[in-house]
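The values are calculated or read from the model by the stated rules, or taken from the named source; none is laboratory data. All of these numbers come straight from a predicted model, not from anything done at the bench. For neighbour counting, all protein chains shown are included, and Cβ atoms are generated from backbone atoms with ideal geometry for every residue, glycine included. When the accessible area is computed, the model is the full protein with side chains, heavy atoms only, and any ligands, DNA or RNA have been set aside. Shrake-Rupley method; radii C 1.70, N 1.55, O 1.52, S 1.80 Å.
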Amino acid sequence: MFETIKELFQFVKSRKKYWLFPIILILVFVGVILVFGVSTGLAPYIYPFF
Amino acid sequence: MVFKTIIGISAYYHDSAIALIINGEIKFAAQEERYTREKNTAAFPFNAIRSCLEEFDLTLAEVDAVVFYEKPFLKLERIIQNFYEIAPNGFMQFMPFFKDWTAKKLFLKNEIRKKLREIDGNNGHLVPVFFSSHHLSHAASAFFPSPFGKAAILTLDAVGEWATASIGQGDQNKIVLEKAMNFPNSVGILYSSFTYFLGFSVNSGEYKMMGLAPLGDLNSDQTKRFIAIIKKEIVTVFSDGSIKLNQHYFKYRSGLKMIRKKRWEQLFGAKKKPNESFNQRHKNIALAIQTVLEEIILKMAITAKKLTGSSNLCLAGGVALNSVATGKLVESKIFEQIWIQPAAGDAGGALGAALAFYYSKNDRFVSAKDKMNHGFIGPAHKKSEILGALRLKKLKYEYFDEAFLLNQKVAKFLAQDKVVGWVKGRLEFGPRALGGRSILASPKSKGMKDRINRRIKFREDFRPFAPVMLSGEAEKYFNVCHDASYMQYVHRITENQREVGLEQFPSVLHGDSSARIQTVTSNEHPLYGILNAFKVQTGIGMLINTSFNRNKEPIVQGLESIIEVFLMSDIDILVIDNFFIKK
């Protein structure tokens, strides 16, 4: 977990897209909360661009 | 640290696969779908890795690095930026993305280590994990195994991280990607959108639409109108081959579908319904988008030539599997020589990732032959395993010590219009059966195409079959003198041989008298002996070669699935290495 956050920070720094970092942190935080709550029923209809 | 033994992995999107490189030599590559029987599986390639380690008696402690075929953070950047740009639209797509990324993809290094640990305990957990970029992986899969010391490189697919196409240059052990086209503009997405509109599955039905296109009428006003509409409304094609998709007609950035159906229906008529048969309008739409795709690829190739000045071109990415377009590219003579990675899709990314990493630290030695071993770099069956499987199913067999005698016998049955399941040596890597796991039949019989489509493959009637032939036949009938050993180019029969072709091999000629040709030149190739034996019997060194599977299933690999498809379909004879089984 900490290794990934460290690498994410290095990535954001190298790309100079600092605005991404808080969004990613929120993603991680909210995602952990939601991870067991969201249905994946939609997933098969999505082309895997994401 | 010395990096000599490298494993490349592609997984979690589609076409999971692995590749093993030792001292720069491609030792092994296989798709996970061949083991799990789930076509285009996205699952982590557990089975392929286990099979590879077993084949080479390796533990993960002996592996110096594992390289994943794309960069997850760069992909995440693109996804977040996309959602940011289209917000508040895209919420429905955002939620499943959210779960997927937070649970797995954001922590991919840990996820891979966890999976490797399940395979080989602490040995797996301690292997260093690296990442290559998606289009660098494609470029490396095309350039490094090629027989070229220097070459232009063109990669084309739906999307990787940001790039959807790139032009680069390979020079010995270096690749420089000089120009890229980025999401949301994508040739792959454009083609897949039409695939969806014509009722095929996105990401697996593209080659079916390519097969439908030659049944369209290029001279009809309708096709010409469709081409004009595509170029006016759907996509702007620039002189360098780059494109801009008109987002007014697309939904893939924000919705759960590729296109805005109603707007497309105003341009092209109704979307094809699931049970509707293909009419001339559908065929003309397929031909129109195929024509536009070819124009884009030729323009990109010209740009690659201008940028690099090279006379060689290497191609990869899913769009490089469009063998009609690549056939036109060869005929255009923009480049003197072209080499396409046979596993051009994301499975090949596993190979490219490993090669890109290896050659970033080691020198490269170029040889006259490519390094793909005719595509046969997957697992093989041991004689004892085959014997065990045949006995288990209580199948009567003959064993031939001499391959020559086996070929003679099989050729005799092929000449009598029997259909043969052909399993020889190592499994081929990539989407096409090249003679390792093939169904073979005579091209001479007019009814053979319908028989195989209806009673063996259980698939659409219009789908053509590709011929494999000795190189002399390719030159004689199709004027093909270039290497076509990986079944990557569609060519039309020459005008003066057209009547002969329709008489001698009608079942491999498509509606426009074209065929996706595979040539065999080497006597090491598993089809060389049988083609020669068939030529002795019939006067023509050519066979139908189609993949050994049923519709919507992956190509067979396990002995159980080989025998099951043999027994449950209309295949008459099964050959597994030197074993001969007749129903």
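Rounded to a whole number, what is D in µm²/s for the range B:366-405 from Stokes-Einstein with the Kirkwood radius over alpha-carbon pairs (4 °C, 1.567 mPa s)?
Numbers: Rh = 13.4 Å.
The Stokes-Einstein estimate is 97 µm²/s.
Have a look at B:513, B:545, B:567 and report the one farthest towards the positive end of the charge dipole of the range B:383-582, computed about the Cα centre with Cβ charges (Lys/Arg +1, Asp/Glu -1).
Farthest towards the positive pole: B:567.
Calculate, axis by axis, the spread of Cα positions in chain B along the three principal axes, and write the results as whole Å, longest axis first.
66, 65, 47
Once Rh is set to the Kirkwood radius over Cα pairs, what Stokes-Einstein translational diffusion coefficient, in µm²/s, holds for the range B:381-520 at a temperature of 25 °C and a viscosity of 0.890 mPa s?
147
Rank-order B:407-414, B:156-163, B:112-119, B:538-545 by packing density, defined as the average count of other C-beta atoms within 10 Å over each peptide's residues, highest first.
Ranking the peptides B:407-414, B:156-163, B:112-119, B:538-545 by packing returns B:156-163, B:538-545, B:407-414, B:112-119.
Quote the total accessible area buried by chains A and B together, excluding ligands, DNA and RNA, probe 1.4 Å, nearest 100 Å².
3200
Using DSSP to call loops (not H, G, I, E or B), can you name the GluC sites (Glu not before Pro) in the range B:398-453 whose Cβ has at most 11 other Cβ atoms within 10 angstrom?
The qualifying sites are B:402.
How large is the dipole of the range B:148-340 about the Cα centre if only Lys and Arg carry +1 and Asp and Glu carry -1, each at its Cβ, rounded to the nearest 20 debye?
Dipole about the Cα centre, nearest 20: 720 debye.
Take each of the peptides B:292-300, B:242-250, average the number of other beta-carbon atoms within 10 Å over its residues, and list them starting from the highest.
By packing density, highest mean first, the sequence is B:292-300, B:242-250.
Of all DSSP beta bridges in chain B, what percent run antiparallel (nearest 5)? Can you show the working numbers first?
Numbers: 53 of 75 bridges.
About 70 percent, rounded to the nearest 5.
Using the Cα centre of the protein assembly as shown as the reference point, and only Cβ charges (+1 on K/R, -1 on D/E), how large is the resulting charge dipole? Debye, rounded to the nearest 20.
Its charge dipole is roughly 1440 debye.
Over all alpha-carbon pairs in the protein assembly as shown, figure out the percentage whose distance exceeds 40 Å.
So the portion of pairs separated by more than 40 Å is 27 percent.
What per residue convex hull volume, in Å³, do the alpha-carbon atoms of the range B:37-144 yield?
141
Report the equivalent ellipsoid semi-axes for the range B:148-340 in whole Å, largest first, defined as the square roots of five times the eigenvalues of the gyration tensor built from alpha carbon atoms. If you can, show how the numbers build up before the last one.
Working: eigenvalues 176, 63, 39 Å².
Largest first, the range B:148-340 gives 30, 18, 14 Å.
Output the DSSP H helices from chain B with an along-axis C-alpha extent of no less than 27 Å and a mean Kyte-Doolittle hydropathy no less than -1.0.
Passing helices, by number: B:280-308.
Considering only the other residues whose Cβ falls under 11 Å of the Cβ of residue B:171, what net charge follows from Lys and Arg at +1 and Asp and Glu at -1?
Result for the local shell: +3.
Over the Cα atoms of the range B:446-550, how large are the radius of gyration and the largest Cα-Cα distance (Dmax), in Å?
Radius of gyration, then largest Cα-Cα span, for the range B:446-550: 13.2, 36 Å.
Over all directions, how big on average is the projection of the convex hull of the alpha-carbon atoms in the range B:233-307, in square nanometres?
Numbers: hull surface 24.6 nm².
Averaging across all directions leaves 6.1 nm² for the Cα convex hull.
Could you tell me the extents of the range B:238-397's C-alpha atoms along the three principal axes, largest first, rounded to whole Å?
For the range B:238-397, the Cα spread along each principal axis is 61, 52, 34 Å.
I need the peptides B:210-218, B:58-66 ranked by packing, meaning the mean over residues of other C-beta atoms within 10 angstrom, with the highest value on top.
On the way: B:210-218: 21.1, B:58-66: 18.6.
Per-residue Cβ counts within 10 Å, averaged per peptide and sorted highest first, yield B:210-218, B:58-66.
Kirkwood Rh over Cα pairs of the range B:307-445 into Stokes-Einstein at 37 °C, 0.692 mPa s: D in µm²/s?
176
Taking a ≥ b ≥ c as the square roots of the Cα gyration tensor eigenvalues, with a/c under 1.5 meaning rounded and otherwise prolate when a/b beats b/c, else oblate, which class fits the range B:370-429?
Numbers: a/c = 2.01, a/b = 1.18, b/c = 1.70.
Cα axes put the range B:370-429 in the oblate bin.
How far is it, in nm, from the label point at residue B:38 to the one at residue B:331 when both lie 7 Å from their Cα along the line to the Cβ?
4.1
At 222 nm, what helix-only mean residue ellipticity would chain B give, in deg cm²/dmol to the nearest 500, using -39500 (n - 2.57) for each DSSP H run of four or more?
-11500 deg cm²/dmol
In whole percent, what relative contact order does chain B give with Cα contacts below 8 Å and a gap of six or more residues?
Over chain B, the number comes to 16 percent.
Note every residue of the range B:248-264 with a reduction of at least 40 square angstrom in accessible area, all protein chains present versus the isolated chain, computed with a 1.4 Å probe, or write none.
Output list: B:256.
Peptide B:73-81: average number of partner chain Cβ atoms within 10 Å per residue? The partial results should precede the final answer.
Working: counts 10, 2, 2, 7, 7, 2, 3, 6, 4.
For peptide B:73-81, the averaged partner shielding equals 5.
Which percent of the accessible heavy-atom area of the range B:448-515 goes to carbon and sulfur, probe 1.4 angstrom? Let's see the in-between values first.
Working: 1220 of 2810 Å².
In the range B:448-515, the share of accessible area belonging to carbon and sulfur is 43 percent.
So in the range B:383-582, what percent of DSSP beta bridges are antiparallel if you round to the nearest 5?
Details: 21 of 28 bridges.
Of those bridges, close to 75 percent are antiparallel.
Within the range B:137-231, how many Lys pairs sit with Cα atoms under 29 Å apart, leaving out pairs fewer than 8 places apart on the same chain?
5
About its Cα centre, how strong a charge dipole does chain B have in debye, to the nearest 20, once Lys and Arg get +1 and Asp and Glu get -1 at the Cβ?
1460
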